[in-house]
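A.B. asks: I have a structure here, written as structure tokens, and I will follow up with some questions on it.
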Amino acid sequence: MSEIVPVVMAALVLSFIQVNLRSSYPEFAAVLAALFTVIVLLRVLSPMREVIAVFHQLGRGAGVSVSYFDILLRTLAAAYITAFASQICKDAGEEGLAMGVELAGKLVVMIIALPIIVGVVESLVNLLP
């Protein structure tokens, strides 16, 4: 909870600044939004390390291969990065570019998850008579 309060307060202040800035200097408003997001991401990196450690502990306790959790975390990272980049493109008024980023992100997620998909298909094939 204590991590989100400063982020929300800064976002509210930045929103008021953006309203005035966007009408006169829309390119600066997009850069400011991207900079704010990068700062927020850097701020939450250390708590994310704790989340990743918990995922690894859960995997070990459940007897699941660590490689599956690595794939899960890489997939989540790709999804968040894609959403971030897409939103920045939309804020800059580049809807077509945002769609391209989203398509590329979906393909990357599929490529990252391919080992899991192959494992499931192989398991199903082995169950068939």
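The values are calculated or read from the model by the stated rules, or taken from the named source; none is laboratory data. If you're wondering where the values come from, they're calculated on a predicted model, not measured in any experiment. Cβ sites come from the backbone with ideal geometry, for glycine too, and all protein chains shown count toward neighbours.
A.B. asks: Go through F36, F28 for me and flag whichever is surrounded by 12 or more Cβ atoms within 10 Å (Cβ to Cβ) and either modelled with pLDDT of 85 or more or over 25 Å from E94 (Cβ atoms) (or both).
C.D. replies: Testing whether each residue is surrounded by 12 or more Cβ atoms within 10 Å (Cβ to Cβ) and either modelled with pLDDT of 85 or more or over 25 Å from E94 (Cβ atoms) (or both) leaves just F36.
A.B. asks: Please work out which one of (1) of a type in the set (V, I, T); (2) part of a helix (DSSP H, G or I); (3) assigned by TED's automatic domain parsing to the domain that holds D91 is the condition V19 fails and give its number.
C.D. replies: Here V19 clears every test but (3).
A.B. asks: Limited to segment 85-101, what total is found for residues that are surrounded by 15 or more Cβ atoms within 10 Å (Cβ to Cβ) and closer than 30 Å to G119 by Cα? It would help to see each step written out before you state the result.
C.D. replies: From segment 85-101, those surrounded by 15 or more Cβ atoms within 10 Å (Cβ to Cβ) are 85-92, 94, 97-98, 101; that's our starting set.
Add one more test, that the residue is closer than 30 Å to G119 by Cα, and what stays is 101.
Qualifying residue count, segment 85-101: 1.
A.B. asks: Continuing with the same structure: For L76, state whether it is on the phi < 0 side of the Ramachandran plot, free of Cβ contacts under 8 Å to residues at least 60 places away in the same chain, outside the structural domain of M110 (by TED's automatic domain parsing) and surrounded by 11 or more Cβ atoms within 10 Å (Cβ to Cβ).
C.D. replies: When the stated conditions are applied, L76 does not pass them.
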